[in-house]
1. When the chain is fully extended, how far beyond the present Cα-Cα distance does Thr147 get from Ala87, taking 0.36 nm per residue of separation?
2. For the chain, with a Gaussian network of springs between Cα atoms less than 10 Å apart, report the residue from Gln35, Gln201, Gln130 with the top mean-square fluctuation.
3. Roughly how far apart, in whole Å, are the Cα centres of the stretch 178-209 and the stretch 15-30?
4. Of the peptides 94-105, 60-71, 139-150, how do they stack up when ordered by the mean number of other Cβ atoms within 10 Å, highest first?
5. Tell me the net charge near Asn193. Cut-off is 11 Å between Cβ atoms, Asn193 excluded, with +1 for each Lys or Arg and -1 for each Asp or Glu.
6. So which DSSP H runs in the chain come out at 18 Å plus along the axis (Cα) with average Kyte-Doolittle of at least 0.0?
7. Okay, helix-only estimate at 222 nm for the chain: each DSSP H run of n ≥ 4 adds -39500 (n - 2.57), divide by all residues, round to 500 deg cm²/dmol; what do you get?
8. Just for the chain, what percent of DSSP beta bridges are antiparallel, to the closest 5?
Amino acid sequence: MPTDTKITIRRPDDWHVHLRDGDVMRGVLPYTARQFARAIVMPNLSPPIASADAAVAYRERILAALPDGSDFIPLMTCYLTDTTDAADLAAGFADGVFTAAKLYPAHATTGSAHGVTDIANIEAPLARMQEIGMPLLVHGEVTDPGTDIFDREAVFIERILAPLVKRMPDLKVVFEHITTADAVGFVESAGPNVAATITPQHLHINRNAMFAGGIRPHAFCLPVAKREKHRLALRKAATSGSPKYFLGTDSAPHAVSAKESACGCAGIFNAPFALESYATVFEEEGALDRLEGFASEHGPRFYGLPLNEGAVALERADAPVPAVIDALGTPVVPFHAGEVMRWRLAS
Ligand code: NCD
Ligand code: ZN
């Protein structure tokens with residue numbers, strides 16, 4: 001229940017996170033596990049998590065890296081490739097290894113080199129997913145260099161996603177990390193089996209943030225932030241109370257050296273203050289009473305999973321965000337670095 005000084009909500013989940021592997025994973029995982037009961041773990045490792053065996057092994061590494069006493073549950077995803085076998089995918093879902101499958105158009109973003117080169121190549125896995133109710137998670141950007149980077153999501157809807165949803169009307173689709181009013185419009189017009197996640201950064205920043213006084217690599221992620229009108233459409237959607245929108249941070253840590261480079265990596269590390277960041281937006285929109293739906297209810301209902309037991313609380317207190325966070329030897333700049341959040345997760 002929101003009051004002026006404290007918000008208590010059912011324990012939330014993160015429906016889109018990059019936990020990486022090895023020491024960096026051990027460094028970043030505690031931030032996700034302290035806020036969220038479950039998370040949909042992205043499979044874009046190198047090599048990608050494209051088989052049930054690989055997912056089981058990765059899940060084991062995540063569980064082994066959890067802080068003592070944590071009951072965090074990683075929900076694994078299968079990275080779709082041109083050669084994904086429909087029967088293997090369905091078996092992984094039936095066995096409870098895979099919660100969903102992820103479509104990365106090849107070369108759309110970090111770790112997508114093995115992605116799908118043509119949606120026609122995964123027609124059989126998609127048809128099977130529709131049959132068995134396995135959600136498809138979509139990185140919705142076209143990749144042809146002729147399409148302006150700020151138009152890639154809108155063009156993807158027109159060329160790929162709208163035809164797909166028409167062809168497979170019962171396929172469960174999560175349009176991941178949406179960034180445009182076009183995406184909101186598409187999700188609104190589609191049936192209840194089409195939903196979307198929204199990141200903190202796309203609710204806070206527009207594309208100017210990447211060029212504020214110089215080039216700002218820590219504001220760069222994919223899909224790239226768009227114009228202000230799109231940010232406003234996303235804020236309206238996220239805080240609307242519609243069950244079609246839910247929390248997915250897309251927290252994507254990269255070493256400072258990989259971001260501050262002549263060719264800086266895409267990805268914003270927002271895990272450390274994710275709930276505080278969302279709460280700020282909901283408060284600014286006068287919608288704190290809708291944070292719980294977005295963070296803790298709409299996601300599990302869409303996925304057909306139980307709501308979490310237990311609660312988390314945010315208190316009105318200053319929470320300064322450090323300039324850099326050490327992910328077990330790798331320095332990473334968090335989202336909101338140097339700012340002071342006005343909510344703090346109660347321990
Ligand atoms: C992600 C990453 O670094 O893995 N980067 C990003 O900008 N969001 C990949 C992705 O989700 O697109
Ligand atoms: Zn992502």
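1. Values: separation 60, 0.36 × 60 = 21.60 nm, distance 3.48 nm.
My answer for the length gained is 18.1 nm.
2. Residue with maximal mean-square fluctuation among Gln35, Gln201, Gln130: Gln130.
3. 24 Å
4. Working: 94-105: 20.6, 60-71: 12.7, 139-150: 16.0.
Descending packing order for the listed peptides: 94-105, 139-150, 60-71.
5. Working: positive: Lys172, Lys244; negative: Asp170.
Around Asn193, the surrounding residues sum to +1.
6. Working: long enough: 22-35 (21 Å, -0.32); 52-65 (20 Å, 0.43).
Those that clear 18 Å and a mean of 0.0 are 52-65.
7. Values: 12 runs with 104 residues, N = 347.
After summing the helix terms and dividing by residue count, I get -8500 deg cm²/dmol.
8. On the way: 14 of 40 bridges.
For the chain, the DSSP antiparallel bridge percentage is about 35.
The values are calculated or read from the model by the stated rules, or taken from the named source; none is laboratory data. Note that this is a predicted model, so its numbers are computed, not measured. Cβ: placed from backbone, ideal geometry, glycine included. Neighbour counts: every protein chain shown. These area figures cover heavy atoms from the full protein model, side chains too; ligands, DNA and RNA do not enter into them. Shrake-Rupley method; radii C 1.70, N 1.55, O 1.52, S 1.80 Å.
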